[in-house]
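Each remark here refers to the structure printed beneath this line.
The values are calculated or read from the model by the stated rules, or taken from the named source; none is laboratory data. Quick caveat: nothing in here was measured; it's all calculated off a predicted structure. Cβ sites come from the backbone with ideal geometry, for glycine too, and all protein chains shown count toward neighbours. Remember, those area values only see protein heavy atoms, side chains included, never the ligands or the DNA or RNA. Shrake-Rupley method; radii C 1.70, N 1.55, O 1.52, S 1.80 Å.
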Amino acid sequence: MSLATRTAAESTAVPQDDPRRSWAAVFALARFETRDLLRYIPVLVTLMLYVGYTAWTLFHEKEGMDAFPALQDADRATQSGPLLLGIAVFVCVNRCTLRSRRRGTDRQFDVLVMEPWRRTVAHVLSVVRFAAVTALVVLGEFTRQALRPGAVGHGSLAELAVGPLYVLLCGAFGVLLARLVPFTFAAPVGVVGLFVFSVFISAGTGGAEWSRWLSPIVGENSGNTVLPSDLVGRPAAWHALYLTGLILLLALGAVLASGGRTVYLKAGAAGALALTLAGAVGQSGGVSAQLAAAREQASVSPQRDQTCVKRGGSPRSSEAETGGGSTYCAFPEWTGRAGTWAEVVDRVQPLAGGTAARQPLLVRQRVEARYGLSGDGAIDPLTAPGQVTVGTRWGGNRVPEFAVGVASVLVAGDESKGGELCDGRVVTTMWLALGGASHPMTDLANVRLDDSVTGSAYVLAPTSGLYMTAGQTDVLRELLERPRGEVTASVKQHWTQLTASGVSTAQVARVLGAEVPKGAKDCAEE
């Protein structure tokens, strides 16, 4: 090599003590590793599935209860999507980190200016873009839910951060495992080992609060109830801090295992350990006394936390028919839904007769919050006359179920007595609930536990439901198939007889001009 050539080579070489150029090389390598990760089929397929499925759900028209999301539940719903992506990133970034070992190029890398620990940093940084994509998907998913006309409640930024943090955690752990166990079989075995470990730790601690929250994603979903935002009680901020500290701890641990021994790296690892411990301790505190008291009050005395509004009749029912309107009491996040509830009441009440058609009702939103998000949400019926329960979930089957609750109070007087109906008054109650519906037979199937329109079945309601015999179902179906005005006039004319205690299904059928079911028996005849 000539003197001029050697001088030019030395002038273009990156000085080893130039931190600016060294970190520029790290970022350049990180970009290369990110592109290389996309070449792995597991990462590419899971990323496309995650983004594609989420995009489809965003633009697909929601129906039923999905059209009325609660944002305090919608934020947690974003956490399950990145699960497969995180596992794919974990396995593939582990393989990328071991590339030089598999191909026998470690010796060539050792003569480069970039130290091994800086290459480890580049591998960790290669996962950041996947976490950023996850964050964008999570943000889009939650924003779409928040923009729905029926959305209520408030989301948590800490809950939304769990998905991206999970992807980062998987990437950092994959790099650390590659530095500690430099064999390609370690990643698949690690996935199985972590699953088995999580099962054993959960079983060994009896599902204790501190062990449950050690998992990156802690699912708590109840399909029966939605708690107000201030009663959710999840330590989301502490958990986000715990995950952040754990990510930094794993990443810095991988860097230290690669030969990084600077004071800054050691101090950073100590700080990451402190963050992890602080988050772990903070998230294991359980339900505070203040939260338990607030949940107790919301469950037992909801009127202390609620706002009440009065709604008059709809175009289908004049104010004279409904006695000046009913009162609707709801938790602050649901006050805007009073008009929707009033539409159901104004559809059911005009079909009743006697004083029931003019009786002002008190519709109160109720929730069972004492058992948190894991409770079944069952609510005891009210005993006060003229009071109707409405839940925190709405849309879909909840609408005809609420109509059944309103109708049972109009017929029996209160919810507790309405849940005990088993004679011919069941037919009257179900006619009120479904007679004014746009698709009564569909609502009949939706409100029955087995989705049937024939035979006997249990009918759902916000509190205690009803039990319909096969004979009562036959009479109701005949009434729903007849002209609505004709049946309504007959119900109003014979209201006293139809709502009398002990009236049989056969008597109700005769009064309303329906065919008497053969061999039908109800509780009044047993």
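General observations
- The residues on offer are A461, A437, and the sole one that is crowded, with 24+ Cβ neighbours inside 10 Å, in a loop (DSSP other than H, G, I, E, B) and of a type outside the set (F, W, Y) is A461.
- Condition met for E343 (out of contact with any Leu (no Cβ under 6 Å at 6 or more places or on another chain), surrounded by fewer than 18 Cβ atoms within 10 Å (Cβ to Cβ) and touching a residue at least 12 places away in the same chain (Cβ under 8 Å)): yes
- Inter-residue pairs, beta-carbon under 9 Å, first part of a helix (DSSP H, G or I) and in the stretch 115-139, second charged (D, E, K, R) and surrounded by 23 or more Cβ atoms within 10 Å (Cβ to Cβ), 6+ apart: V138/D75
- Taking the numbered list (1) surrounded by fewer than 16 Cβ atoms within 10 Å (Cβ to Cβ); (2) modelled with pLDDT of 95 or more in turn, D110 passes all entries but (2).
- Residues (among the polar types (S, T, N, Q) and part of a loop (DSSP other than H, G, I, E, B)) located in the stretch 359-374: Q359
- Boolean, V128 is in contact with a His (Cβ under 8 Å, 6 or more places away or on another chain) and within 30 Å of V26 (Cα to Cα): no
- A single entry from Y40, Y53 fulfils the requirement of being open to solvent by 80 Å² or more (accessible area, probe 1.4 Å) and in contact (Cβ under 8 Å) with a residue 12 or more places away in the chain: Y53.
- Spans of helices (runs of 4 or more DSSP H) in the stretch 1-105 with at least 3 residues modelled with pLDDT of 90 or more and more than 26 Å from F142 (Cβ to Cβ): 19-37, 83-97
- Looking across the stretch 278-295, the residues that are part of a helix (DSSP H, G or I) and under 22 Å from A240 (Cβ atoms) come down to A278, G279, A280, V281, G282, Q283, Q290, L291.
- First in the stretch 492-515 and over 13 Å from V475 (Cα atoms), second anywhere and polar (S, T, N, Q), Cβ under 7 Å, 6 or more apart: L498/T428; T499/T428; V503/Q497
- Each residue in the stretch 224-269 was checked for being assigned to a helix (DSSP H, G or I) and either out of contact with any helix residue (DSSP H, G or I) (no Cβ under 9 Å at 6 or more places or on another chain) or not aliphatic (A, V, I, L, M) (or both), and 13 pass.
- If you go through the stretch 383-411 and keep only what is more than 28 Å from the chain's Cα centre (by Cα) and open to solvent by 20 Å² or more (accessible area, probe 1.4 Å), you end up with T383, A384, P385, Q387.
- Given (1) at pLDDT 95 or above; (2) within 22 Å of L71 (Cα to Cα); (3) not basic (K, R), index of the condition L275 fails: (2)
- Where Q283 falls short, out of the listed (1) surrounded by fewer than 20 Cβ atoms within 10 Å (Cβ to Cβ); (2) modelled with pLDDT under 95; (3) not hydrophobic (A, V, I, L, M, F, W, C): (1)
- Subset of the stretch 440-458 [assigned to a loop (DSSP other than H, G, I, E, B), touching a Phe, Trp or Tyr at 6+ places or on another chain (Cβ under 9 Å) and either open to solvent by less than 10 Å² (accessible area, probe 1.4 Å) or under 16 Å from R398 (Cα atoms) (or both)]: L449, D450
- Scan of the stretch 464-481 for residues that are free of Cβ contacts under 8 Å to residues at least 60 places away in the same chain and either part of a strand (DSSP E or B) or open to solvent by less than 50 Å² (accessible area, probe 1.4 Å) (or both), ordered by number: Y467, M468, T469, A470, G471, Q472, T473, V475, L476, L479, L480
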